[in-house]
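The values are calculated or read from the model by the stated rules, or taken from the named source; none is laboratory data. The structure displayed is predicted, hence computed values, not measured ones. Here the Cβ is made from the backbone with ideal geometry for all residues, glycine too, and neighbour counts use every protein chain on show.
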Amino acid sequence: MERPNVLLIVMDTQRADNLSCYGYHKPTTPNIDQIASEGAIFLNNIVPGVWTLPSHASLFTGRYVSGHGADAHCEYLMVDFPTMAEILGENGYQTVGFSNNGWVSRKTGIARGFQEFYLISRRIGKKKVVEWFYVEEEYFKGEGEEDRGSLKTINVPISWLERRWDHKRPFFMFINFIEPHGPYWPPEPFRSRFLPPDVTEEELKSLPKLRSTEECIDVRVGKLKLTKRQWEIEKALYDGCTATVDDRVGKFFTYLKEKGIVDETIIIITSDHGDVQGEHEPHIEHHLCAYDELVRVPLIIRYPDVVPKGLRIRWLSQTLDILPTILDIVGIKDRKYWKTIHGHSLLPTIVEDRPVREYALVEYHTSIQQLFHIWRRHPEYDIRNFNYWIKAIRTLKYKYIWYSNGKDELYDLEEDPGEKRNIANERKDVVMELRRKLEEVLMSIDQVYYGDMPMLERRREQFGDEALKVYDRLEAWGFYRRVKIPKLPSEEDIVI
């Protein structure tokens, strides 16, 4: 086999700082730790977007968020730029994807180019469901101990390798686990593993089930505030979710070793974003901010032919660098693929221990999606409080966050890694320097904008016809402008 296989695993909503291989004091990831010890771990890996759709779009196109246009205002990835699956497929790879999350599908355009792509369903009671927007409430009524699809999401790829892989061709396999995305409720034995010893079953059942359509919105608008104790338990449950996925990754890694193909496979483990867990109130979950608990995520690469064992790389990287890194390693040099890519190959960092980027860029565009959810639940709330967009530039020392409403934030990450002390007023010289650099970077991007195209049909399916009247209100106030929908991806997802 001339080219290696490629396995790309996304742990949805996995922040970096609770993986034990990233220095966490709890043993959450023994299997991923082993994989990391046999390859490279990137300690300062930053996502370009703060939620699933834009981050996956950047992952697959190698472009910044404003360069592909898929975000909270336009909930589709358009066909203007080649994707990882298309490029690898055109160069001899057998491409297949498995997703727990409906945002990562053909209907959103994210799965464009995969020769086979499967949405992995799970059962809640007697219902067979696929994660689309948020987790169904029935999951939290104590009906069994099933996970949220992660075990099936490992068993199905193993079955695919046994039955459908053409061994004459290398495979490109993508796997998205919805875990540890909230609400945090891992199956046993992982649920109890990290909880405080004095937690009672009654206390667990009384926790707010943090969902973006319900309690997360309440937190954002000040109607709900979790106690320090509640956050301690929530974080322990999050650790259990991380440990659940680690167990599944370990099972798959063992399978690859038993089949003798693990060293012929580039293994990449990363995430699309993290989660805010009480560090910067009223922010919670993801959306609407760009703090490190949200934008710093794991990146681990194992491939013995190229990647030395035990590398711990402190230089900056971004998840949009994964596509050019893969192309560089497998030897795809055709300029027609590289010319649309904004990211940088990390191969020089791996081989020569030198940086390939001096900054990381994070973007969050107009928040129509969140305005809809806030008004749907709290119709009298003044949504102007959240009507902004964000541009952030991060170096190893500083992070500067620019808000369209005039707010500036500057953090010295060496002295204040938790971003607790905004020094923008004290270090205006640094603010101006980073603002100039940020503008220079933004002007270098061939930006695209497709207009406001939320997934109205999915909102109707989820919340009913009445919920769509919220968009009428948003349109009346000018927060949302309807556009004529162009032709969108027509391929149907296969649900198994």
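On the given criteria, is LEU59 under 17 Å from the mean Cα position of the chain (by Cα), surrounded by fewer than 24 Cβ atoms within 10 Å (Cβ to Cβ), among the hydrophobic types (A, V, I, L, M, F, W, C) and closer than 24 Å to VAL356 by Cβ?
Taking the combined requirement at face value, the residue does not satisfy it.
Exactly one of these conditions fails for ALA467: (1) outside any loop (DSSP other than H, G, I, E, B); (2) among the small types (Gly, Ala, Ser); (3) modelled with pLDDT of 95 or more. Give me its number.
(3)
Return yes when VAL129 is modelled with pLDDT under 75, in contact with a Ser or Thr (Cβ under 9 Å, 6 or more places away or on another chain), more than 30 Å from GLU2 (Cα to Cα) and of a type in the set (A, V, I, L, M) and no when it is not.
Taking the combined requirement at face value, the residue satisfies it.
Within the bounds of the stretch 76-88, is there any residue that is crowded, with 23+ Cβ neighbours inside 10 Å, within 25 Å of TYR388 (Cβ to Cβ) and among the aliphatic types (A, V, I, L, M)?
Yes, the stretch 76-88 has at least one match.
Output the residue which, of all residues in the stretch 215-261 that are buried (at least 17 other Cβ atoms within 10 Å of the Cβ) and of a type in the set (Asp, Glu), is farthest from ASN387 (Cα to Cα).
Only one residue fits best here, namely ASP247.
Name the residue, out of LEU19, LEU43, that is in contact with a Pro (Cβ under 6 Å, 6 or more places away or on another chain), touching a residue at least 12 places away in the same chain (Cβ under 8 Å) and assigned by TED's automatic domain parsing to the domain that holds HIS344.
LEU19
I'd like to know if the stretch 409-416 contains one or more residues that are touching a helix residue (DSSP H, G or I) at 6+ places or on another chain (Cβ under 7 Å), closer than 25 Å to ALA16 by Cα and either without any contact (Cβ under 8 Å) to a residue 60 or more places away in the chain or among the hydroxyl-bearing types (Ser, Thr, Tyr) (or both).
Yes: the stretch 409-416 contains one or more residues that are touching a helix residue (DSSP H, G or I) at 6+ places or on another chain (Cβ under 7 Å), closer than 25 Å to ALA16 by Cα and either without any contact (Cβ under 8 Å) to a residue 60 or more places away in the chain or among the hydroxyl-bearing types (Ser, Thr, Tyr) (or both).
Give TYR398, TYR364 a once-over and let me know the one that is of a type in the set (Ser, Thr, Tyr) and surrounded by fewer than 21 Cβ atoms within 10 Å (Cβ to Cβ).
TYR398
Of all residues in the stretch 41-56, how many are of a type in the set (Phe, Trp, Tyr) and surrounded by 24 or more Cβ atoms within 10 Å (Cβ to Cβ)?
Of the residues in that region, 1 qualify.
Kindly establish whether PRO489 is modelled with pLDDT under 95, over 23 Å from LEU371 (Cβ atoms), of a type outside the set (Val, Ile, Thr) and surrounded by 14 or more Cβ atoms within 10 Å (Cβ to Cβ).
Against the criterion (modelled with pLDDT under 95, over 23 Å from LEU371 (Cβ atoms), of a type outside the set (Val, Ile, Thr) and surrounded by 14 or more Cβ atoms within 10 Å (Cβ to Cβ)), PRO489 qualifies.
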